[in-house]
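Novice: This structure is in structure tokens; I'll ask about it shortly.
The values are calculated or read from the model by the stated rules, or taken from the named source; none is laboratory data. Predicted model only: the values in this text are computed from it and were never measured. A quick note on method: Cβ atoms are made from the backbone with ideal geometry, for glycine too, and the neighbour counts reach across all protein chains shown.
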Amino acid sequence: MAQEERTTQSIFTDVEDRTSSEEINKWERTTRLWRETLREHWGLLTDELSVKLSMLVVALFVLVAIFAPWIATNPPLQRQYQTEDGILIAKWVEPSILGGNSEYILGTTAQGFDIFSQLVYGTRAALLVGLIAAVFTAGIGTMVGLVAGYYGGTVDDALMRIVDFLYGMPLLPTVIILVALLGPSLWNIILAVIILQWRATARVIRSQALSLRERPFVKAAQVAGASDWHIISRHLAPNVLPLSFLYGSFAIAWAILTEAGVSFIGLGDPNTVSWGTMLQASRAYSALQFGAWWWFVPPGVCIGLLVISGFLIGRGYEEITNPKLQ
Amino acid sequence: MSFGRDDVLLRVENLEKHFEVDEGWIASLLQSVSGGEPDYVHAVDGVSFEVRRGETLGLAGESGCGKTTTGMSLVKLHEPTGGDISYNDKRLSEVDKAGMAEFRQNAQMIFQDPFESLNPRMTVYDTVAEPLRIHDIRNETARVQRALEFAELLPAEQYYDQYPHELSGGQRQRVAIARALVLDPDFIVADEPVSMLDVSLRAGVLALLERMTEEFGLSVVYISHDLSLLRHMCDRLAIMYMGKIVEKGPTDRVIENPQHPYTQALINAVPVPEPDIGRERVELQGEVGDVIDVPSGCRFKDRCPEYIGDVCDGAIPPLERKSDIEGEREHEREVACHLYESAEGHDPYAEVDGDGTAAEAGAGGDAERASADD
């Protein structure tokens, strides 16, 4: 560096002589700082009883989903009994916990499926939809929002017009068209949820990026010669990350609700057990009229519990990102 | 002059920065339909000066006069809409990528608000080390330590893992200074470096800035509205008004013997801690003019206590040396005012009396004038 040699009074003139053993281990440092931040957030998050309980509920559901094959007493889509002539009749077994004379904890459905096992396997579908939709919603929304907000101008205009277009798309017709085109499956519902959900995250993250890019610390990085990608990844992203986590946690709840709703109206995957398809089947066999409430109450309670827990955790996290709420 | 041409580190030639008032595609669509010309804010409108190696230059003026925009253009935060900046005799509009990287490494900026200029999610170490990582310079830890030590954050190791919210305003500004120094730059733009700090902390940070100039041989451009600070820190002073430099010269000459009416008013407004001091108060009337629809002639004429008629309305006073200002080192001073006789033979009255040139001197004539100056 010719510039340095010319300036003889530089404070760095003998810095080259130093041994590099003093060099700080970058990875070690980064992981340590991340651990500290996470611990701090965790402490703030678990400060509240409602959040603690919600986390307990979610953890329970996760455990159930992971160990579903061991917990479930029967395969969820295997008929437990059939009439002797092989013709299916609408007949359900009362749950054993209510004193019913059977081996089925929560009884069976009219088709002869074990409700408890369906409930256990339904946890898998719910969490799968929730987590995948949340990751993609937050991921796509954050990336699009950051790029639109940082570059502004034509890029911003183009991306935000796409978002505007998506805001005009209603949920059910979109799902119907996707199912019609690609066939009914859980993945199409996930796809529809992602397509319709990232728009809100993108908007909010963009507004954050718009204000962040004018902050002097971004200008300081530009003066130092930082590339656009460097500024987006090191300066903008860490500052919007709490917000994308927040939107991700809300997305879990919304995705589960949407999946249940879509399955309930019969657009779900017939080969997958989910809480929504259980509700739909119970409606199709008029379980309510026959007083077989053990068919539709358990999945309803599970949906409610998981969604409320998701919202409460999101709410608790909101207090970290926005200290004014505390 | 004791400095030769080689000592000029940074030469600003007729720098212009105009911001379009209505941006976005709807505005441009409407404009293409109606056929109207877009409006521009004339933030910086033809500013020329040079910064020599090891020199400190002060840019003063009231808020909105374009001093910060000038400073940001100096470190290439804005792309100028007109004119050019030369660094080491290389025009920045013509340099290649490597040349730009070299400039980025040698030009740094210190911002006004230390609460905003540090990323709240980055530790002190990462903040100071970031420029080194961008330019891929080795011996990161040793350099960061040196920079922090120079900024009197001692012991440096103790600050490595601290986040900005754990530091006081003065400490933050020291971190910002360390970040600016860590690349070993040639020149620094300091935009109101102490105006957001507690009065008790200012002296310490100012002493640090002074030490930085002396020990590094740095060129520094100080931007401030605080004339007493600039008098203390700067070798030369340039006074700006509505995007133009109205007076430029050695600091002590400008402060002690201001010539331009605006400079006189500005210096008169500095409070003197002496109740009995008798001085004539020059109070400016009216508001700063419209920077979108720039007035013709002298931009200060509407508020000027020494308004002398048509020549102020019709002819733009160029920044030039004057022959009828008496005193030592006056050959280094330049004033943009018709009250004084040009030392370069420029006759503003000819411009007014001549046919049609006066009309051209308005906002529409700016572009032509800029090209004519080249």
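Novice: If we keep just the residues of segment A:39-79 that are within 22 Å of the chain's Cα centre (by Cα) and of a type in the set (V, I, T), which is nearest to A:T108 (Cα to Cα)?
Specialist: Out of the qualifying residues, it is A:V64.
Novice: Same structure again: Given segment A:94-198, what helices (runs of 4 or more DSSP H) lie entirely inside it while holding 1 or more residues that are under 30 Å from A:W229 (Cβ atoms) and modelled with pLDDT of 85 or more?
Specialist: Qualifying helices (runs of 4 or more DSSP H): A:115-151, A:153-167.
Novice: Could you tell me how many of the residues in segment B:51-80 are crowded, with 18+ Cβ neighbours inside 10 Å and away from chain A (no Cβ under 13 Å)?
Specialist: Result for segment B:51-80: 14.
Novice: If you don't mind, another one. Here are B:R121, B:R104: which of them is surrounded by 17 or more Cβ atoms within 10 Å (Cβ to Cβ) and over 20 Å from the mean Cα position of the chain (by Cα)?
Specialist: One residue alone meets the criteria, B:R121.
Novice: Follow-up. Checking the condition closer than 26 Å to B:M196 by Cβ, in a loop (DSSP other than H, G, I, E, B) and away from chain A (no Cβ under 14 Å), which residue from B:P258, B:P318, B:P271, B:P305 passes?
Specialist: B:P271
Novice: Can we say A:S244 is in contact with a Ser or Thr (Cβ under 9 Å, 6 or more places away or on another chain), of a type in the set (S, T, Y) and within 14 Å of another protein chain (Cβ to nearest Cβ)?
Specialist: Yes; evaluated as a whole, the condition is true for this residue.
Novice: Out of curiosity, is A:V262 under 20 Å from the mean Cα position of the chain (by Cα) and farther than 23 Å from A:F311 by Cβ?
Specialist: For A:V262, the condition - under 20 Å from the mean Cα position of the chain (by Cα) and farther than 23 Å from A:F311 by Cβ - is not met.
Novice: Need the failing condition index for A:F250 against (1) surrounded by fewer than 22 Cβ atoms within 10 Å (Cβ to Cβ); (2) modelled with pLDDT under 90; (3) out of contact with any Ser or Thr (no Cβ under 6 Å at 6 or more places or on another chain); (4) in a helix (DSSP H, G or I), just the number.
Specialist: Every condition holds for A:F250 apart from (1).
Novice: With (1) under 25 Å from B:L230 (Cβ atoms); (2) more than 7 Å from every other protein chain (Cβ to nearest Cβ); (3) not in a loop (DSSP other than H, G, I, E, B) as the list, and B:P185 as the residue in question, which single condition is left unmet?
Specialist: (3)
Novice: Among the residues that make up segment B:189-206, is at least one of them under 25 Å from B:Y87 (Cβ atoms), among the hydrophobic types (A, V, I, L, M, F, W, C) and not in a helix (DSSP H, G or I)?
Specialist: yes
Novice: If we scan segment A:29-38, do we find a residue that is under 30 Å from the mean Cα position of the chain (by Cα), at pLDDT 65 or above, within 28 Å of B:R138 (Cβ to Cβ) and exposed (fewer than 11 other Cβ atoms within 10 Å of the Cβ)?
Specialist: yes
Novice: Moving to a separate point now. Which of (1) within 19 Å of the chain's Cα centre (by Cα); (2) within 13 Å of another protein chain (Cβ to nearest Cβ); (3) buried (at least 21 other Cβ atoms within 10 Å of the Cβ); (4) hydrophobic (A, V, I, L, M, F, W, C) does A:A221 not meet, given it meets every other one?
Specialist: Here A:A221 meets the rest and fails (1).
Novice: If A:E214 satisfies all but one of (1) more than 14 Å from every other protein chain (Cβ to nearest Cβ); (2) among the charged types (D, E, K, R); (3) surrounded by fewer than 20 Cβ atoms within 10 Å (Cβ to Cβ), what's the number of the condition it fails?
Specialist: (1)
Novice: Among the residues of segment B:124-168, count how many are outside any helix (DSSP H, G or I), more than 22 Å from A:I231 (Cα to Cα), more than 10 Å from every other protein chain (Cβ to nearest Cβ) and without any contact (Cβ under 8 Å) to a residue 12 or more places away in the chain.
Specialist: Of the residues in that region, 2 qualify.
Novice: Hey, B:R121 hits all of (1) more than 8 Å from chain A (Cβ to nearest Cβ); (2) under 16 Å from A:A220 (Cα atoms) but one; which does it fall short on?
Specialist: (1)
Novice: Still on this model: Quick check, is B:E116 acidic (D, E), over 16 Å from B:L183 (Cβ atoms) and crowded, with 18+ Cβ neighbours inside 10 Å?
Specialist: yes
Novice: Any chance you could count how many residues in segment B:207-235 are part of a helix (DSSP H, G or I) and farther than 28 Å from B:I137 by Cα?
Specialist: 8
Novice: Something else about it: Being surrounded by fewer than 19 Cβ atoms within 10 Å (Cβ to Cβ), at pLDDT 85 or above, among the charged types (D, E, K, R) and under 21 Å from A:P216 (Cβ atoms) narrows it down to one of B:E192, B:E130, B:E166, B:E210, so name that one.
Specialist: That would be B:E166, the only listed residue that is surrounded by fewer than 19 Cβ atoms within 10 Å (Cβ to Cβ), at pLDDT 85 or above, among the charged types (D, E, K, R) and under 21 Å from A:P216 (Cβ atoms).
Novice: If you go through segment B:115-132 one residue at a time, how many are touching a strand residue (DSSP E or B) at 6+ places or on another chain (Cβ under 9 Å) and within 17 Å of B:G169 (Cα to Cα)?
Specialist: The number of residues fulfilling the criteria is 1.
Novice: Every residue in segment B:81-109 that is among the aliphatic types (A, V, I, L, M) and at the interface with another protein chain (Cβ under 9 Å from one of its Cβ atoms), please.
Specialist: The answer is B:M100, B:A101, B:A107, B:M109.
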